[in-house]
């Protein structure tokens, strides 16, 4: 699309201001980052409000601000079942696991979700398996970078190929120095901006902006019958093919909490005593942001034509709002994309620095993973891995990949299916065994591969809708993961009582010195 | 019911569940684990560790 010149000019102005703001926040974060634990988790570094905005911003990726509105533009109101059901699943999962992840993570010094699982189950193999599957998150980063490239093209008139490198440079500007502090600090600001955009979109929809009649009913009437709000399902679309498929979409997203870039955020809250306020606020924000789907519905009602449906929200802004406002909102959408990419990059860097090096390689060689030299080396690995992961992700999408969605769900679906069961069941049931966790990870990932990845790779046709619908397939994988975890735990030896006491007993504080957890006064 | 009405009901229901969880269930679940293992701490060594 040819970008409006005024929008382009102001867009560059806002982009430069955004660079300065993010760079300044990155510097603040750098001043706070002196250890590997700081870089990996920003442990105890944030209050509930900043973290609630950051968590919601990280969860609502480029998909919420571009992919879901694009789906609504094509499918109409029924896209709302994806938009508004997925956060219910995610934040239900958050309610279930947040407190114990924070408590146990601090107690054992866990620096990532794979690390947390390894500590919870006293198993280097669990940590290694979870970390290995986490490497597929590179495709998630690639998807975000691709989305950023399209925003640069739509709003700023920048060639996609240049846009993705600018996005990569922006990420490196603050992540390399500031790690998790920079990630959460910038995400909190970006989250606030995203809420403002969503409120604007809801206002435009409710007032029937640009549609004759000026109301929600007028928007509905302007749509094709198959897109109107009385049409709930579509046999042509695997995501909305049945109520069962929509239910599985909900189930799959409960396990979404196991994704490393979301689970590691819990370590950053100051104390478990702030957890209730954090949960309340992040759930409300998280349920607000997906209302962006209404923008796609409005664009369809207005008859807006786009070459690439993913660009529908930027185009909606350009065609309906003052160019200065449109330019600002375009840069804000970019911030939404960046806010997810940064979290994934940090969590991936910890797979190398913490899960594979500090907690696997060092003990294997007989070293002390808590030693000062090891921690400093891990910090450097974190920073180098951040650069390498970002450059690789950008280089991989120089040509927008045709099968990115498939690759994306190798990572997301694989993690949900494999680690979702051990993570959630292990949180609530003390007798969850190490053998059960390992078995569930292998079996559930295999099931997910058979029903979704195999057909997607063209190996065989598979079963509809699981062969085409990653949410339904992940939902089945997650159910299998939970059932196998429960079933195998019944017939295998639970972990030692002393370890379970350390995990589930009264708060004993962090284990920063590497010693065994010591009792301290409760922070509740 | 149309899509928006169904989504409004599910959203309000979920937020109500969040409120109940925050005010009631979380303390109960947290207390359950604490009670169980604190009670175990007070008993003589089992030798299982």
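The values are calculated or read from the model by the stated rules, or taken from the named source; none is laboratory data. Small disclaimer: the values here were computed from a predicted structure and weren't measured. Every residue, glycine among them, receives a Cβ derived from its backbone with ideal geometry; neighbour counts consider all protein chains shown.
The residues of the stretch A:294-330 that are at pLDDT 95 or above and closer than 29 Å to residue A:253 by Cα, listed by number, are A:294, A:295, A:296, A:297, A:298, A:299, A:300.
Yes/no per residue for (1) surrounded by fewer than 24 Cβ atoms within 10 Å (Cβ to Cβ); (2) more than 24 Å from the chain's Cα centre (by Cα):
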position: A:420; (1), (2): no, no
position: A:432; (1), (2): no, yes
position: A:454; (1), (2): yes, yes
position: A:464; (1), (2): yes, yes
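Within the group A:415, A:389, which residue is crowded, with 23+ Cβ neighbours inside 10 Å, closer than 21 Å to residue A:453 by Cβ and touching a residue at least 12 places away in the same chain (Cβ under 8 Å)?
Selected residue: A:415, the only one of A:415, A:389 that is crowded, with 23+ Cβ neighbours inside 10 Å, closer than 21 Å to residue A:453 by Cβ and touching a residue at least 12 places away in the same chain (Cβ under 8 Å).
For (1) facing another protein chain (nearest Cβ under 10 Å); (2) assigned to a loop (DSSP other than H, G, I, E, B); (3) more than 21 Å from the chain's Cα centre (by Cα), each residue gets a yes or a no:
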| site | (1), (2), (3) |
| --- | --- |
| A:78 | yes, no, yes |
| A:85 | yes, no, no |
| A:88 | yes, no, no |
| A:98 | yes, no, no |
| A:106 | no, no, yes |
| A:116 | no, no, no |
| A:119 | no, no, yes |
| A:122 | no, yes, yes |
| A:125 | no, no, yes |
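When you check residue A:66 against the structure, is it touching a residue at least 24 places away in the same chain (Cβ under 8 Å), facing chain B (nearest Cβ under 10 Å) and under 19 Å from the mean Cα position of the chain (by Cα), yes or no? So residue A:66 does not fit the description; no.
With respect to being away from chain B (no Cβ under 14 Å) and at positive phi, residue A:303 fits the description.
Residues are listed down the side, and each one gets a yes or a no for (1) away from chain B (no Cβ under 12 Å); (2) surrounded by fewer than 15 Cβ atoms within 10 Å (Cβ to Cβ); (3) at pLDDT 95 or above:
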{"residue": "A:220", "(1), (2), (3)": "no, no, yes"}
{"residue": "A:239", "(1), (2), (3)": "yes, no, no"}
{"residue": "A:246", "(1), (2), (3)": "no, no, no"}
{"residue": "A:252", "(1), (2), (3)": "yes, no, no"}
{"residue": "A:261", "(1), (2), (3)": "yes, no, no"}
{"residue": "A:276", "(1), (2), (3)": "no, no, no"}
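With respect to the conditions (1) surrounded by fewer than 24 Cβ atoms within 10 Å (Cβ to Cβ); (2) over 25 Å from residue A:161 (Cβ atoms), residue A:355 falls short on a single one, namely (1). Out of everything in the stretch A:352-363 that is more than 23 Å from the chain's Cα centre (by Cα) and touching a residue at least 60 places away in the same chain (Cβ under 8 Å), what residue ends up being farthest from residue A:116 (Cα to Cα)? So the residue we want is A:363. Is the stretch B:19-35 home to any residue that is modelled with pLDDT of 90 or more, facing chain A (nearest Cβ under 9 Å), over 17 Å from residue A:93 (Cβ atoms) and touching a helix residue (DSSP H, G or I) at 6+ places or on another chain (Cβ under 9 Å)? So far as the stretch B:19-35 goes, yes, one or more of its residues are modelled with pLDDT of 90 or more, facing chain A (nearest Cβ under 9 Å), over 17 Å from residue A:93 (Cβ atoms) and touching a helix residue (DSSP H, G or I) at 6+ places or on another chain (Cβ under 9 Å).
Let's see how each residue does on (1) over 25 Å from residue A:351 (Cα atoms); (2) surrounded by 24 or more Cβ atoms within 10 Å (Cβ to Cβ):
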position: A:6; (1), (2): yes, no
position: A:20; (1), (2): yes, no
position: A:27; (1), (2): no, no
position: A:51; (1), (2): no, yes
position: A:59; (1), (2): no, yes
position: A:72; (1), (2): yes, yes
position: A:76; (1), (2): yes, yes
